[in-house]
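Rule-based calculations on the coordinates, nothing more; no lab input. Note that this is a predicted model, so its numbers are computed, not measured. Backbone-built Cβ (ideal geometry, glycine too); neighbour counts: all protein chains shown.
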Amino acid sequence: MRLFPCALIAAASLLVSGGQGVAKPKSDRISFDMVAANNCLPDAEGEVTIKSDGEAEDMTVSVSGLPPKTGFDFFVIQFPTGPNFGLSWYQGDIETNGAGKGVQHFRGRFNIETFIVAPGMPAPAPKVFDDNATTNPPTPPVQIYHLGLWFNSPDDARAAGCPANVTPFNGEHHAGIQVLNTSNFLPGNGPLFNLQ
């Protein structure tokens, strides 16, 4: 039996590690899908690619199967589905074209280190909108690894044949329902966890 060099290296690695296997090489790039969050938009889908340069990540989100010429709001969230999405932050907007497709680029931290923290005591928070909290709750670091996309307006959701429920997922806290999410991943292990 003839062993090729890569097979010899793998076999040697298994011996050195006590038969536990070899750790997967770290990648600086991941790609994954987002899935439809509601039956009213069965063709909704998204594709996300994240590339790290070590200092930050570039995330490109491509969506399709959505209503044409419509605004949507994109969030990094703790849990993929509601009603409890956990801690969430507003990342930006995606606008669809006449064919119901959209693309947006975001730069930030989108990897295993993505988290929200509020150390110490509650701190005063600015009250800009009527539903704003005036203080933050203290919390140790909470990792958040999921993504979600919402209609910017309940009226847009209604026009698309979807429920017109009001959610806080836009800049004025008067958005429509969620249309895409990463519920194709486990609740505690969203896709951002996979970029080491």
Going by Cα centres, region 125-170 and region 29-72 are how many Å apart? 18
Principal-axis tilt of helix 5-16 within the chain, Cα atoms, nearest 10 degrees: 90
Size of charge dipole - the chain - debye, nearest 20, with Cβ of Lys, Arg +1 and Asp, Glu -1, no other charges: 680
26 Å Cα cut-off, lysine pairs counted over the chain (separation 8 or more, or different chains): 4
5 Å binning of all Cα-Cα separations within region 83-196, expressed as whole percents from 0 upward: 2, 10, 15, 20, 20, 17, 10, 4, 1, 0
Suppose the Debye formula is applied to equal point scatterers at every Cα of the chain; what is log10 I(q)/I(0) at q = 0.08, 0.10, 0.11, 0.13 Å⁻¹? -0.35, -0.51, -0.59, -0.76
Of the candidates 133, 112, 157, the farthest towards the positive dipole end of region 27-194 (Lys/Arg Cβ +1, Asp/Glu Cβ -1, centred on the Cα centre) is 133
